[in-house]
Every structure is written in structure tokens, then in C-alpha cells.
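Colleague: Structure incoming, see below.
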Amino acid sequence: MKRTIILSTLAATAVVLFALAGVASADKPESTPALVRLEPETGTELIAECGDFQVLTDFVVDGQSTTFFDSDGNPDYARVHLRFVDFFYRSDTGEGFTEHDHSNTLLDLPSGNEVTSSGVSYRVTVPGEGVVLLQAGTIKFDQAGNPTFVAGPHQVFPDSDTQKLCEAFA
């Protein structure tokens, strides 16, 4: 969840900076979608509490944001495509697995709210065991940021189902 907040903030900041740059212009209102490349961000996130150890992920995320404008030239919404490289590992031994994933987010710019998140946010595939953690599909949010629609397996957010992940790392 922390990663979602970081990414939404990152995307919204890039979009707002782009929008503010256009406000000072005396040209006709902007209507063409505008692409902004997002600088890579890194972080560490707790994925599961597994009794004697934790499963953490160190991640790098980058991507691009496309801002769309209304008929008056005001930023309306942004589509953000994110690319993740995760290293999921045991907190006590450092042993783990690397994964590469992609997701898409739709941001309502006037409110700053994340509207929809879709794609694969987390996936851990263990050799000989298969997929033991999967956060994929679509989540739609209300104005308060609460999930209103969830489709697909979501083992990290909004629910937590990390038993198979813990077993795989045991």
C-alpha cells in the first residue's frame, strides 16, 4: 500500500509540475495529451509478517505519465504506466527472488485522487512451487481512496493473504 501511495504521489507531482508550466503561457488552451517521463524511485516495503521473519521487497519503479486536458486546456486526468523491478526477500537471511512487473493507474487531476489501478503490482514466482503471491487485476477507488471494486487476485491490498508466500520462504 505504501508503494501505491508513493507512486500516486510521484505521478501526481510530475503531472502538476507539467500543468503549472503551461499555465504561464499565453497560447491557446492545451488540448493535446502530454507525455512526462517519471524519474526512477526506490524503496523498501514490508509484504508479510511470517512469525520469525518478515518478507520485504526492495523495489525500483519508473514509468511515464500522459496528461489529458479538458476543452478549456485544464489538466483533466492522467494515465500512468509504471514498471517495477522487485527483489522479495527474507528479512533474516536476505535470500529471495527478483520479479519484473507493470501496472497502470488513472488519476483524476482536479481532485488528485487515484481512480483506477490495474495490472500486476506484485508477483512472486518460486522455482518448483509456482506463483505464491499475486496482486493483479483492477481496483477502483472512491473519492476518499477506499476500494469500491476489486477484480482479480489481490493478496496484498485491500486484503492480506500471504500464507503461501510465508510457506515458500520458510
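The values are calculated or read from the model by the stated rules, or taken from the named source; none is laboratory data. Since the structure is predicted, the reported quantities are computational estimates derived from the model, not experimental observations. Note: ideal-geometry Cβ built from the backbone for every residue, glycine included; neighbour counts use all protein chains shown. Note: accessible area is taken over every heavy atom of the protein model, side chains too, but ligands, DNA and RNA are not part of it. Shrake-Rupley method; radii C 1.70, N 1.55, O 1.52, S 1.80 Å.
Colleague: Somewhere in the stretch 124-140, is a residue open to solvent by 50 Å² or more (accessible area, probe 1.4 Å) and touching a Leu at 6+ places or on another chain (Cβ under 7 Å)?
Modeller: Residues of the stretch 124-140 that are open to solvent by 50 Å² or more (accessible area, probe 1.4 Å), as a first pass: 125, 127-129, 131, 140.
Narrowing the set further to residues that are touching a Leu at 6+ places or on another chain (Cβ under 7 Å) leaves none.
For the stretch 124-140, residues open to solvent by 50 Å² or more (accessible area, probe 1.4 Å) and touching a Leu at 6+ places or on another chain (Cβ under 7 Å): absent.
Colleague: For the stretch 148-159, what are the residues that are part of a strand (DSSP E or B) and either open to solvent by 50 Å² or more (accessible area, probe 1.4 Å) or in contact (Cβ under 8 Å) with a residue 24 or more places away in the chain (or both)?
Modeller: Residues satisfying the conditions are Thr148, Phe149, Val150.
Colleague: Give the stretch 54-72 a look and list any residue that's open to solvent by 20 Å² or more (accessible area, probe 1.4 Å) and within 25 Å of Phe97 (Cβ to Cβ), or say none. Can you show your working first?
Modeller: Taking the stretch 54-72 first, the residues open to solvent by 20 Å² or more (accessible area, probe 1.4 Å) are 54, 56, 58, 60, 62, 64, 66, 68-72.
Result: Gln54, Leu56, Asp58, Val60, Asp62.
Colleague: Please go through (1) assigned to a strand (DSSP E or B); (2) under 15 Å from the mean Cα position of the chain (by Cα); (3) touching a residue at least 24 places away in the same chain (Cβ under 8 Å) for Ile139 and return the number of the only condition it doesn't satisfy.
Modeller: That leaves (3) as the condition not met.
Colleague: Right, Ser111: open to solvent by less than 30 Å² (accessible area, probe 1.4 Å) and of a type in the set (Ser, Thr, Tyr) or not?
Modeller: Answer is no for this residue.
Colleague: Looking at Phe88 and the list (1) open to solvent by less than 50 Å² (accessible area, probe 1.4 Å); (2) over 30 Å from Ala168 (Cβ atoms); (3) of a type in the set (Phe, Trp, Tyr), which single condition is not satisfied?
Modeller: Of everything listed in (1) open to solvent by less than 50 Å² (accessible area, probe 1.4 Å); (2) over 30 Å from Ala168 (Cβ atoms); (3) of a type in the set (Phe, Trp, Tyr), Phe88 misses just condition (2).
Colleague: To continue, here is another question. For residues that are at pLDDT below 80 and more than 19 Å from Ala78 (Cα to Cα), scanning just the stretch 24-53, find the one that is surrounded by the most Cβ atoms within 10 Å (Cβ to Cβ).
Modeller: Ser25
Colleague: Going by the conditions given, is Val16 at pLDDT 65 or above, among the aliphatic types (A, V, I, L, M) and either in contact with a helix residue (DSSP H, G or I) (Cβ under 6 Å, 6 or more places away or on another chain) or not in a strand (DSSP E or B) (or both)?
Modeller: For Val16, the condition - at pLDDT 65 or above, among the aliphatic types (A, V, I, L, M) and either in contact with a helix residue (DSSP H, G or I) (Cβ under 6 Å, 6 or more places away or on another chain) or not in a strand (DSSP E or B) (or both) - is not met.
Colleague: Taking the stated definitions as given, is Leu165 of a type in the set (A, V, I, L, M), at pLDDT 90 or above and not in a strand (DSSP E or B)?
Modeller: yes
Colleague: Going by the structure shown, is Ala21 modelled with pLDDT under 95, out of contact with any Phe, Trp or Tyr (no Cβ under 9 Å at 6 or more places or on another chain), outside any loop (DSSP other than H, G, I, E, B) and under 28 Å from Gln155 (Cα atoms)?
Modeller: no
Colleague: Just one of Thr105, Thr116 is within 28 Å of Leu35 (Cβ to Cβ), open to solvent by less than 40 Å² (accessible area, probe 1.4 Å), in a strand (DSSP E or B) and in contact with a Lys or Arg (Cβ under 7 Å, 6 or more places away or on another chain); which is it?
Modeller: Matching residue, one of Thr105, Thr116: Thr116.
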